[in-house]
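Working notes for the structure below.
The values are calculated or read from the model by the stated rules, or taken from the named source; none is laboratory data. In this text the structure is predicted, and so the values were computed from the model without any measurement. No Cβ is skipped: glycine too gets one built from the backbone with ideal geometry, and neighbour counts run over all protein chains shown. Only protein heavy atoms, including side chains, enter the accessible area calculation; ligands, DNA and RNA are left aside. Shrake-Rupley method; radii C 1.70, N 1.55, O 1.52, S 1.80 Å.
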Amino acid sequence: MTKNTDERSSGGDHHKNQLKKKKNVSRLGGSGLSLAAFAKAKSRNNNYNPAIIKRQKEFHKNAKNVNKFKKMMKRENQPNDPALAQRLIENLNETEGDKEKDKGERRRKKDSAFSLEELYKKTNEEKEKERREREAALRIKKEETEKAEARRKAMREKMFKKTRKGQPVMKYRIEHLLETINAADKKS
């Protein structure tokens, strides 16, 4: 008899150990990878490198922009384009005229500085005025919301009032209903 009980207890221990092992495996999310599978996965090159991908995207983007630029330059530099020739002639005339204008500009610099100062003051005054108007509008809006909030809070306190026995006070609820009915009548 003692022999049978020993066999049962040792069999029970083995069963408990297997149960613990199963619980650990399920807790850890499966049996895991074998050593060979792990080594194979690590040695395989899956070609995913974000830095290289980013560099390639940037390269293709730059190439696309270069091609667009070349096409644009090709269109602009056509020899039969009369508009382009006129633009070049105008640019040359402007550069010659600029030398003559420089002498007159020295005299006008003082006047232009004065007018720039006036312009600066005007723009600042306009900006300041707009800012004050915005602040006033915000202040008014804030006051209105505070008043509405106070009204709602007072109404809420009245609506939640209870009698000594815990029943709601009907007086305020009936007043509120009458007010809403009167407001609806006035609108229609």
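A few comments on the model shown:
- Residues in the range 133-142 carry Karplus couplings, in order, of 4, 4, 4, 5, 4, 5, 4, 4, 4, 5 Hz; the curve used is 6.51 cos²θ - 1.76 cosθ + 1.60 with θ = phi - 60°, and Gly or Pro positions show x.
- Taking a sphere under 13 Å around the Cβ of Lys64 and counting the other residues whose Cβ falls inside, with K and R at +1 and D and E at -1, yields a net charge of +4.
- Residue-count net charge about Pro50 - beta-carbon cut-off 15 Å; Lys, Arg +1, Asp, Glu -1: +2
- Exceedance of the 32 Å cut-off in Cα-Cα distance is limited, within the set Lys40/Lys61; Lys158/Lys187; Lys161/Lys186; Lys142/Lys165, to Lys40/Lys61; Lys142/Lys165.
- Accessible area of the range 114-168 belonging to carbon and sulfur atoms, whole % at 1.4 Å probe: 54
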